Amino acid sequence: MKLDGRTVVITGAAGGIGRALALRCAAAGARVAATDIQADRLTLVGDELGAGHLAMPCDVTDERALDSLVTQVESELGAVDVFFANAGVAIGEDPIDTPDEVWDLAFGVNVRAHILAARRLLPGWLERGEGYFVATASAAGLVTQIGSAPYAVTKHAAVAFAEWLSVTYGDQGIRVSCLCPMGVRTAMSHGDELAHRVVRSAGELLEPEEVAEIVVRGVDSERFLILPHPEVLTFFQRKAMDYDRWLAGMRRLQSGQS
Ligand SMILES: NC(=O)c1ccc[n+]([C@@H]2O[C@H](COP(=O)([O-])OP(=O)(O)OC[C@H]3O[C@@H](n4cnc5c(N)ncnc54)[C@H](O)[C@@H]3O)[C@@H](O)[C@H]2O)c1
């Protein structure tokens, strides 16, 4: 889908990949609604976007707030053509030490928010015969994440939900893409020690602007898997070819890091 003249919503847009994506979509001619739970940082992105776009705070795990956000975007910018479910959290470690609240937050932001957005948007999209859902998952959703069980599990769930949407509604005009990067230089890769360790295990860091460029190209060609680090495809294929060998390799990688 060409983004020129389209209305797009981008969650988690106060920084990192979401901010870069907002600016790149605006440059491609889209009307952008940027949203994030961090209102102050989002205001700065709103200033960068300028007139003709929106920057509205929203907690994507709050169904009512998300509903009002979409309603406001529809009335001010037009029907939503593309929804980038990009907000995410890298939290939690071993299930022994990770409390329920952390699991709940990881599921809330990384998975449930995608479900809430799809629930809000699908009826209109099916009526129009068109709509595009772009889920930011992670390479951790295809080939696991050393260190953080909640991150690995919820990102797999995000991939599964995106796949399900594509299988179920792909023949009714609903396009779906799933972004699965390894390391990207953002607050997530420079956050607390855990987040840092999670991302550090993920290879070469790309700049968010590089990722945004690749996402816009992926949306243009309507590919399901968008892989800014092409080697992820090889890792994913190796996993599918010989699961036990792949697991043994991941254990070696983990022991090399500890
Ligand atoms: N940085 C990486 O190495 C990397 C790798 C793979 C995938 N990802 C994914 O990319 C996405 C963007 O992350 P990023 O790297 O730009 O990091 P980031 O921390 O800069 O961006 C995440 C954004 O999500 C927002 N957010 C968190 N909870 C929210 C909520 N409840 N409601 C609304 N917004 C909320 C945060 O405020 C933040 O601005 C995430 O889904 C992340 O898991 C990142």
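A full extension of the chain between V167 and D94 corresponds to an added length of 23.0 nm, given 0.36 nm per residue minus the alpha carbon distance. Charging the Cβ of each Asp and Glu at -1 and of each Lys and Arg at +1, and nothing else, the dipole of the chain about its Cα centre rounds to 640 debye.
In order along region 169-179, the Karplus-derived 3J(HN,Hα) couplings, from 6.51 cos²θ - 1.76 cosθ + 1.60 at θ = phi - 60°, round to 10, x, 8, 10, x, 8, 8, 9, 10, 9, 8 Hz, and Gly and Pro are given as x. Dividing the mean sequence gap of close Cα pairs (under 8 Å, 6+ apart) by how many residues region 15-137 holds gives a relative contact order of 23 percent. Rounded if a/c is under 1.5, else prolate if a/b is larger than b/c, else oblate: which is region 204-258, with a ≥ b ≥ c the root eigenvalues of its Cα gyration tensor? Oblate is the answer for region 204-258, as a/c is 1.5 or above yet b/c matches or exceeds a/b. Peptides 8-14, 235-241 ranked from most to least packed by the mean count of surrounding Cβ atoms within 10 Å: 8-14, 235-241.
Taking the chain as a Gaussian network, Cα atoms linked when under 10 Å apart, which of E231, E63, E93 shows the biggest mean-square fluctuation? Result for the chain, Cα springs under 10 Å: E231 fluctuates most. Determine the sum of side-chain charges near V219: Lys and Arg each +1, Asp and Glu each -1, restricted to other residues whose C-beta is under 9 angstrom from that of V219. My count for the surroundings of V219 gives +2.
Where the centre of each part is set by its Cα atoms, how far does region 1-59 sit from region 158-182, in angstrom? One Cα centre to the other: 22 Å. Helical content alone sets the calculated 222 nm signal of the chain at -16500 deg cm²/dmol, taking -39,500 (n - 2.57) per DSSP H segment of four or more residues and averaging over every residue.
When the chain is treated as a Gaussian network with alpha carbon springs shorter than 10 Å, the biggest mean-square fluctuation among A51, A118, A139 belongs to A51. With the charge dipole of the chain set up from +1 on Lys and Arg Cβ and -1 on Asp and Glu Cβ about the Cα centre, the Cα lying farthest toward the positive end among the listed residues V73, L121, Q254 is that of Q254. Along the axis of the charge dipole computed for the chain (Cβ charges of +1 for Lys and Arg, -1 for Asp and Glu, origin at the Cα centre), the listed residues M188, Q172, A33 are led at the positive end by Q172.
Relative contact order (percent) for the chain, with alpha-carbon contacts under 8 angstrom and 6 or more residues of separation?
Computed over the chain, the figure is 18 percent.
Apolar share of the accessible surface for the chain: 53 percent from carbon plus sulfur atoms, 1.4 Å probe. Per residue, region 1-40 exposes 32 Å² of accessible surface when a 1.4 Å probe is rolled over the protein heavy atoms with every protein chain present.
The values are calculated or read from the model by the stated rules, or taken from the named source; none is laboratory data. The structure presented is a predicted model; accordingly, all values stated were derived computationally and were not measured. Neighbour counts are summed over all protein chains in view; Cβ atoms, including those assigned to glycine, are modelled from backbone coordinates with ideal geometry. In case anyone asks, the SASA skips ligands and DNA or RNA and just uses the protein heavy atoms, side chains included. Shrake-Rupley method; radii C 1.70, N 1.55, O 1.52, S 1.80 Å.
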